[in-house]
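Below is one structure; the comments refer to it alone.
FYI, it's all coordinate maths here, none of it is from the lab. This is a predicted model, so every value here is computed, not measured. Cβ placement follows ideal geometry from the backbone for every residue including glycine, while neighbour counts extend to all protein chains displayed.
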Amino acid sequence: MKPTLLLTILAFGLVSCASPAPATATGTAAASAKVTKKTAAKPKPYPLKTCLVTGDGLDEMDERVSTVYEGQTFEFCCKPCLKKFNKNPGKYVKALEKEKAKAKG
C-alpha cells in the first residue's frame, strides 16, 4: 500500500474517533428537569432522606427520581412529585431551606 493512502486512511480514522458523542439525557428526571444555564458546576447534593412534596421516605415508592434546579439536586419519592415540583419549584426551594435550617439548630 502506498504511504499517502495509508496516511489518509489513518487520518480519517483519527478524525472520526475524535468527534464527540451526541449528548443524551440520563435518568428518569433528566428529560423533564428544569436545569439552570450554570450546568458546569457540580450540583449540591440533596440533604434530606424524605420527599419535600409528600414528606415520605425517598425509597417508599420504589420510583425515586431527581432533578437539578438552580444548582441544587432535589430528590422525590415518585414521578408525580417531580411534576408537582416543576409546577412551582420556588415553593420547594423555600421548603428545603427551612428543613436545612431546622437541621442546623
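Of note:
- Each residue in the stretch 78-105 was checked for being free of Cβ contacts under 8 Å to residues at least 40 places away in the same chain and surrounded by 15 or more Cβ atoms within 10 Å (Cβ to Cβ), and 5 pass.
- Listed by first and then second residue, the pairs linking a residue in the stretch 61-77 that is under 12 Å from PRO47 (Cα atoms) and in contact (Cβ under 8 Å) with a residue 12 or more places away in the chain to a residue that is assigned to a loop (DSSP other than H, G, I, E, B) and polar (S, T, N, Q), with Cβ atoms under 6 Å apart and 6 or more places separating them unless they lie on different chains, form an empty list.
- Selected residue [assigned to a strand (DSSP E or B), surrounded by fewer than 17 Cβ atoms within 10 Å (Cβ to Cβ) and at negative phi] from THR54, THR73: THR73
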